[in-house]
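Report on one structure; see the data block that follows.
Every read-out reported here was derived from the displayed coordinates using simple, explicitly stated rules and does not represent laboratory data. Please read all numbers here as calculations on a predicted model, not as lab measurements. All Cβ positions, even for glycine, are placed from backbone atoms using ideal geometry, and neighbour counts span all protein chains on display.
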Amino acid sequence: MSHNRTNCPLIPAIGYSAVVEIGADLLATDEAGPERNGTERADAARNRAKILAAAASVFTTRDPRTVTMDHIATAAGVGRGTLYRRYPSTAAIALALLDEHERVLQQQLISGAPPLGPGAAPADRLAAFYAAMVTLLDTHADLALGAEAGGARYTTGAYGFWAAHVRALLTEADVAEPDSLVDVLLAPLAAENFAHQRARGLGVDQISGALSRLAHAMLAPSGPRRVRR
């Protein structure tokens, strides 16, 4: 079977924070409102950079699931009110830090070279997606754990993008009941699951290899097909 670059619908790239407010720049939120002057914008930018730098440090030095807004405010040297006016939660801060990394990956899925991008068999594309996500998780596990705390994983713009991508691959592969399998195939990419596997001593290559076998078992031509009526 040939696979052209238009088999799956193109999905616009959206970051982790998109669900918080689609189209908004969470990194630029400022308590001064729309009537800010240039000095206020510069101050806001400095505060934003200070908050994000402090948050990145806090997420790497503590268990990300236990980080509080107080921890970040103290590390950044800003008041709680200033912090809350920019970000509603620690998860929102982690989302902001993760956004750029996620957008780069999404752009590769949309228009990059196969097998990650269009042009490869669905099973190969899913395996490549798994490998890319495992690399992202290994590099930014602390931020992913913070962003997904308390079930936030399922409400992020990134998860919606992943779900649409996986469903498109399942549909292209003619797999039966694709909607029921999307969350199942994304479950291994949960940050807590990845952290647990790494704590057990599994290497990145082992995790990626196992997920590649899963992708080919589910989406290869011999996998579960639709029942034709």
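A crude spin-label estimate for the pair ARG65 and ALA164, with each label 7 Å from Cα along the Cβ direction, gives 3.0 nm. For the range 55-110, the square roots a ≥ b ≥ c of the C-alpha gyration tensor eigenvalues yield an a/c of 1.5 or more together with a/b exceeding b/c, which makes the shape prolate. A crude spin-label estimate for the pair ARG198 and THR74, with each label 7 Å from Cα along the Cβ direction, gives 2.5 nm.
Sorting the segments 122-134, 156-168 by their mean number of nearby beta carbons within 10 angstrom, highest to lowest, gives 122-134, 156-168.
Summary of the geometry: the range 130-207 and the range 44-114, compared by the centres of their Cα atoms, lie 20 Å apart.
Translational D (Stokes-Einstein, µm²/s) of the range 93-219 at 10 °C and 1.306 mPa s when Rh comes from the Kirkwood sum over C-alpha pairs? My calculation gives 108 µm²/s for D. Computed from label points 7 Å out along Cα-Cβ, the spacing between TYR84 and ASP183 is 3.2 nm.
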